[in-house]
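Structure first, then comments.
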Amino acid sequence: MSPTQEERWEALGLIGAYAAGELEGEEAREAERLIFERPDYRRLAESYARMLVMLTNLAEEPVTAPEVVIGYAVRRAYVSAFLRQAETLLGGIGRSYLDAFVYYFGLRDARPAGSES
């Protein structure tokens, strides 16, 4: 009888925890039994072990970004900040000109809103 999807997920978690050295006692023996009895689980345990070694080695290596990537990110930040400031400035100027245009052509009442005279 083949295992259900849920049983396979449980086995995956159990074998992963075993490979990471997180199991003790009965749980560790259960993982060992699965690995011993099933070649596919044995390959999975070997995969987990290789992945953990790789991740451990990667964690010990310093990570440095190439100067080109850093320069690009800084330029993008400057351009983005400039465009935001330009949008604010031009938006304010545009509103002022529009208000003057509306007032000049009398398209809006010059009285402040809410005043009844």
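The values are calculated or read from the model by the stated rules, or taken from the named source; none is laboratory data. Treat the numbers as computed from the prediction; the structure is a model and nothing was measured. Here the Cβ positions follow ideal geometry from the backbone for every residue, glycine too, while neighbour counts run over all protein chains shown.
Filtered by the rule that a residue be among the aliphatic types (A, V, I, L, M) and part of a helix (DSSP H, G or I), the range 5-26 gives 11, 12, 14, 15, 17, 19.
Quick grid of which residues meet (1) under 20 Å from residue 9 (Cβ atoms); (2) touching a residue at least 12 places away in the same chain (Cβ under 8 Å):
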site: 23; (1), (2): yes, no
site: 28; (1), (2): yes, no
site: 32; (1), (2): yes, yes
site: 41; (1), (2): yes, yes
site: 46; (1), (2): yes, no
site: 49; (1), (2): yes, yes
site: 52; (1), (2): yes, yes
site: 56; (1), (2): no, no
site: 62; (1), (2): no, no
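Do we find that residue 79 is over 22 Å from the mean Cα position of the chain (by Cα) and either in contact (Cβ under 8 Å) with a residue 12 or more places away in the chain or not assigned by TED's automatic domain parsing to the domain that holds residue 20 (or both) in this structure? Judged against the criteria, residue 79 is a match. Each residue in the range 52-110 was checked for being surrounded by 10 or more Cβ atoms within 10 Å (Cβ to Cβ) and either among the acidic types (Asp, Glu) or touching a Pro at 6+ places or on another chain (Cβ under 7 Å) (or both), and 2 pass. Residues considered: 17, 31, 11. Of these, the only one that is more than 31 Å from the chain's Cα centre (by Cα) and surrounded by 10 or more Cβ atoms within 10 Å (Cβ to Cβ) is 31.
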